[in-house]
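See below for the structure under consideration.
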Amino acid sequence: MNAPVKYGLYISNHGISETPTDYINMAIEAEKHGWDGFFLWDHIYDEPDYLVDPWIILAGIATRTKSIRLGTTVTPLPRRRPWKVAREVATLDHLSHGRFTLGVGLGGGHDYTKFGEQASLKQRGEMLDEALEIITGLWSEDSFSFHGTYYQIDGVAFYPKPYQEQIPIWVGGTWPIRAPFRRAARYHGTFPLPQDLYPRHVREIIAFIKEIRGEEQLDQFDVVQSVVTSGDEEEDRWVQDYIDAGVTWLVECIYPGRGSVEDYFKIIERGPLKF
């Protein structure tokens, strides 16, 4: 993990703006001002905030930008049909000419309870593992079958395949619970929570993932850290500690209550502080 750290935006899909095009314009500005990625939360309900559908927004962004990486952080796969997600992601990967990253996790809260979905964390974990196996299988195999506890597929030919040879999959999880990071070690990155993890926690996570992956190199494995910075280089010097700990992506968190739409655009337009 010696490549230069990348800088992205990690943006709530609720409580930010009632106007969907604001999100698209934020991504356009982010690309102009040197950000490397634009990643949307994927909630379906958060009272009393208004929400936008991240997948529709990302389609708009894919057609209006050229270089910035885009994706979800994170999509709760247990509340989605995995074959539908596989189709959406493959299409977005083509729309963006290979710039999509899929962030996944268990999800929780109102996204489940308000719609009568009461799956336990254990069950959600099992569903997530099956869903990931299905998604990657549909993307890679000419004829895919799967027979699990929660999902059944018989001989599906899935075309077109994604634009990228491998769409990066980042797995979210709460440290120090080990299971999400054991899962992440099988894919391309991890997005640890809570957001106030210290650099020593990042080192612990990287050491744990190295144990799981064994001799497999981490050169292509991402460790993503959410930050909230002031834009002042001296005040934000603490960010360097996360870079030294081994993160590969720093994502500026834009969340409800951090300011107005105008404030969010100012954060984006100041560009990332690159240490």
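The values are calculated or read from the model by the stated rules, or taken from the named source; none is laboratory data. Being a predicted model, the structure only gives us computed values, none of them experimental. A quick note on method: Cβ atoms are made from the backbone with ideal geometry, for glycine too, and the neighbour counts reach across all protein chains shown.
Summary of values
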| read-out | value |
| --- | --- |
| Test result for Gly60, part of a strand (DSSP E or B) and in contact with a helix residue (DSSP H, G or I) (Cβ under 8 Å, 6 or more places away or on another chain) | no |
| Count of residues meeting criterion [surrounded by 13 or more Cβ atoms within 10 Å (Cβ to Cβ) and closer than 19 Å to Glu88 by Cβ] in region 134-158 | 14 |
| Selection from region 18-37 of residues that are surrounded by fewer than 18 Cβ atoms within 10 Å (Cβ to Cβ), assigned to a loop (DSSP other than H, G, I, E, B) and at pLDDT 95 or above | Thr19, His33, Gly34 |
| Those residues of region 86-140 which are over 28 Å from Gly8 (Cα atoms), touching a residue at least 40 places away in the same chain (Cβ under 8 Å) and among the acidic types (Asp, Glu), in sequence order | Glu130 |
| Yes/no for Ile206 being in a loop (DSSP other than H, G, I, E, B) and either touching a Phe, Trp or Tyr at 6+ places or on another chain (Cβ under 7 Å) or surrounded by 14 or more Cβ atoms within 10 Å (Cβ to Cβ) (or both) | no |
| Flag for Tyr264 being touching a residue at least 60 places away in the same chain (Cβ under 8 Å), surrounded by fewer than 19 Cβ atoms within 10 Å (Cβ to Cβ) and under 18 Å from Gly37 (Cβ atoms) | no |
| In region 181-201, residue farthest from Ile134 (Cα to Cα) [restricted to those that are within 14 Å of the chain's Cα centre (by Cα) and among the small types (Gly, Ala, Ser)] | Gly189 |
| Of residues in region 43-89 being touching a strand residue (DSSP E or B) at 6+ places or on another chain (Cβ under 9 Å) and acidic (Asp, Glu), the one modelled with the highest pLDDT | Asp46 |
| Residue among Arg87, Arg64, Arg81, Arg69 that alone is in contact with a Leu (Cβ under 9 Å, 6 or more places away or on another chain) and charged (D, E, K, R) | Arg87 |
| Any hit, region 108-120, residues being at pLDDT 95 or above and assigned to a loop (DSSP other than H, G, I, E, B) | no |
| Identity of the residue in region 130-189, aromatic (Phe, Trp, Tyr), in a loop (DSSP other than H, G, I, E, B) and in contact with a His (Cβ under 9 Å, 6 or more places away or on another chain), that ends up modelled with the highest pLDDT | Tyr163 |
| Residues (surrounded by fewer than 16 Cβ atoms within 10 Å (Cβ to Cβ), charged (D, E, K, R) and touching a residue at least 40 places away in the same chain (Cβ under 8 Å)) located in region 236-261 | Asp241, Asp244 |
| Matching residues, region 87-108, being surrounded by fewer than 23 Cβ atoms within 10 Å (Cβ to Cβ), farther than 19 Å from Phe191 by Cα and not aliphatic (A, V, I, L, M) | Arg87, Glu88, Thr91, His94, His97, Gly98 |
| Pair list, Cβ < 9 Å and 6+ apart or interchain, from region 170-196 residues that are of a type in the set (S, T, N, Q) to residues that are crowded, with 16+ Cβ neighbours inside 10 Å and in a loop (DSSP other than H, G, I, E, B) | Thr190/Phe221 |
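Here's the yes/no breakdown for (1) among the charged types (D, E, K, R); (2) assigned to a strand (DSSP E or B):
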residue: Val224; (1), (2): no, yes
residue: Thr229; (1), (2): no, no
residue: Asp232; (1), (2): yes, no
residue: Glu235; (1), (2): yes, no
residue: Gln240; (1), (2): no, no
residue: Val247; (1), (2): no, no
residue: Leu250; (1), (2): no, yes
residue: Cys253; (1), (2): no, yes
residue: Gly257; (1), (2): no, no
